[in-house]
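Encoded as structure tokens, the structure appears first; notes follow it.
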Amino acid sequence: MATEREDFSLSGPLHLTAVDWTNSHHRRSVAASLVQGVYILERDRQLKRLGPDALAQPWWEFFHFSLLRKLVDDVDSSIFGAIYEFKPSASQFNHTLDSSPRYVIAFRGTVTKPDSFSRDLELDLHIIRNGLHETSRFEIGMQAVRNVVATVGESNVWLAGHSLGAAMALLAGKAMAKDATFIQVFLFNSPFFSAPIERIKDKRVRHGLRIAGSVITAGLAFATTTKRTQQNRECADPFTALAEWVPYLFVNPGDHICSEYIGYFEHRKKMDEIGIGAIERLATQNSFSGLVMSVMGKESEPLHLIPSANLNINLSPYRDFKEAHGIHQWWRPDLNVQSKLYKYQ
């Protein structure tokens, strides 16, 4: 049975009858809707909704996109992504199209239904242990990204994802950025697994805990770095190489899965202000768990650590965790979003 949120005519951004591609709210809303289209593609598959009963199509056709290809998991045959092509009508051609994508590759998050939940949960666990890049689903998605970019160029491609799908898009974007290929990426509720410091109400306690964590992490990072060979030390720093790439991060303070990004970037700024930014610049490139793995001889690059970002925080009221983590919040016309650009120096 279809839910109200699956039906575009009931819950989609119907107010966007004319998309201004220079408007950040419009761009965010379209990207989120295309991600929702992937969710509904998978639900159509699970419920065998075909033809006029299928609900996915309006989520992209409303914005003049066509579905070029579905991305299918090789383990459970679930649809986890989609490649969309933008096909504006002749009447739409104007200067704002210069900011539009030609193609959007979107990835859904976890679907809590029997047909896909076990595979999605397995991939969620891979995120926690920094092993998503080793999965076949990511390899399929990454190959799709490389193929599209090679065909049309990075300036014509957007990546978008929600939750698990945001982790996929982030990892793909990082991989491309390391080769100096910078793609616009829209990351909705991207996972940041760490101690939930951001949920502590006392700002002084939060700041104290973050300073202590930075000192410990930086110390361990320095100790492990000094053990590397001269050859490794002379290699280009991959973290610095990513600094020019600025993905769009969309987080909700009430969502513990992604809310640590708020403190992650704000803490770096505060450490600079009190004169110990050098410690944080070392700590921000590493995670404690990743460093422990490195000491044990297992290299592990934390997925969530990125040098720069355009951080967008939803300050609108929310009812519960489900709403704070949901994709639907990101196309609300009354959304109260605080945006801030963080550039790694």
Checklist outcome for this item: Here the residues within region 146-171 that are crowded, with 22+ Cβ neighbours inside 10 Å, assigned to a helix (DSSP H, G or I) and touching a strand residue (DSSP E or B) at 6+ places or on another chain (Cβ under 6 Å) are Val148, Gly165, Ala166, Met168, Ala169, Leu170
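Restrict the check to region 64-78 and report whether at least one residue is of a type outside the set (Gly, Ala, Ser), farther than 24 Å from Arg119 by Cβ, at pLDDT 95 or above and open to solvent by 20 Å² or more (accessible area, probe 1.4 Å). Full working, then the answer.
Of region 64-78, the ones of a type outside the set (Gly, Ala, Ser) are 64-65, 67-76.
Filter again for farther than 24 Å from Arg119 by Cβ, leaving 64-65.
Remaining after also requiring at pLDDT 95 or above: 64-65.
From what is left, the residues that are open to solvent by 20 Å² or more (accessible area, probe 1.4 Å) are 64.
Yes, because at least one residue in region 64-78 is of a type outside the set (Gly, Ala, Ser), farther than 24 Å from Arg119 by Cβ, at pLDDT 95 or above and open to solvent by 20 Å² or more (accessible area, probe 1.4 Å).
Determine whether Asp98 is part of a helix (DSSP H, G or I) and open to solvent by 20 Å² or more (accessible area, probe 1.4 Å).
Values: part of a helix (DSSP H, G or I): yes; open to solvent by 20 Å² or more (accessible area, probe 1.4 Å): yes.
Spelling it out, Asp98 is indeed part of a helix (DSSP H, G or I) and open to solvent by 20 Å² or more (accessible area, probe 1.4 Å).
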Checklist outcome for this item: Scanning region 16-41 for residues that are closer than 15 Å to Tyr84 by Cβ, of a type outside the set (S, T, N, Q) and either open to solvent by 10 Å² or more (accessible area, probe 1.4 Å) or in a helix (DSSP H, G or I) (or both) gives Val19, Arg27, Val30, Ala31, Ala32, Leu34, Val35, Gly37, Val38, Tyr39, Ile40, Leu41
Checklist entry - Out of curiosity, is Gly109 in contact with a strand residue (DSSP E or B) (Cβ under 6 Å, 6 or more places away or on another chain) and over 25 Å from Gln329 (Cα atoms)? => result no
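Have a look at Ser190, Ser163 and point out the one that is hydroxyl-bearing (Ser, Thr, Tyr), modelled with pLDDT of 95 or more and touching a Lys or Arg at 6+ places or on another chain (Cβ under 9 Å). Quick ask: steps written out before the conclusion?
On the way: Ser190 fails: touching a Lys or Arg at 6+ places or on another chain (Cβ under 9 Å).
Result of the check over Ser190, Ser163: Ser163.
Lys48 - would you say it is without any contact (Cβ under 8 Å) to a residue 24 or more places away in the chain and of a type in the set (D, E, K, R)? Explain how you work it out, then say what you get.
On the way: without any contact (Cβ under 8 Å) to a residue 24 or more places away in the chain: yes; of a type in the set (D, E, K, R): yes.
Yes, satisfied.
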Next on the checklist: Return the pair list, or none, for Cβ contacts closer than 8 Å from residues in region 113-132 that are closer than 23 Å to Leu41 by Cα and assigned to a helix (DSSP H, G or I) to residues that are at pLDDT below 95 and among the acidic types (Asp, Glu), at least 6 apart or on different chains.
Outcome noted: none
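Out of the residues in region 226-263 that are modelled with pLDDT of 50 or more and assigned to a helix (DSSP H, G or I), state the one that is farthest from Val337 (Cα to Cα). I'd like the intermediate steps shown before the answer.
Taking region 226-263 first, the residues modelled with pLDDT of 50 or more are 236-263.
When the remaining residues are screened for being assigned to a helix (DSSP H, G or I), the result is 238-241, 260-263.
On the way: Pro238: 31, Phe239: 28, Thr240: 28, Ala241: 29, Glu260: 17, Tyr261: 15, Ile262: 13, Gly263: 17 Å.
Applying the filter and picking the extreme gives Pro238.
The values are calculated or read from the model by the stated rules, or taken from the named source; none is laboratory data. Since the structure is predicted, the reported quantities are computational estimates derived from the model, not experimental observations. Methodologically, a virtual Cβ is constructed for each residue, glycine included, from the backbone with ideal geometry; neighbour enumeration extends over all protein chains shown. Protein only, heavy atoms only, side chains kept; ligands, DNA and RNA dropped before computing areas. Shrake-Rupley method; radii C 1.70, N 1.55, O 1.52, S 1.80 Å.
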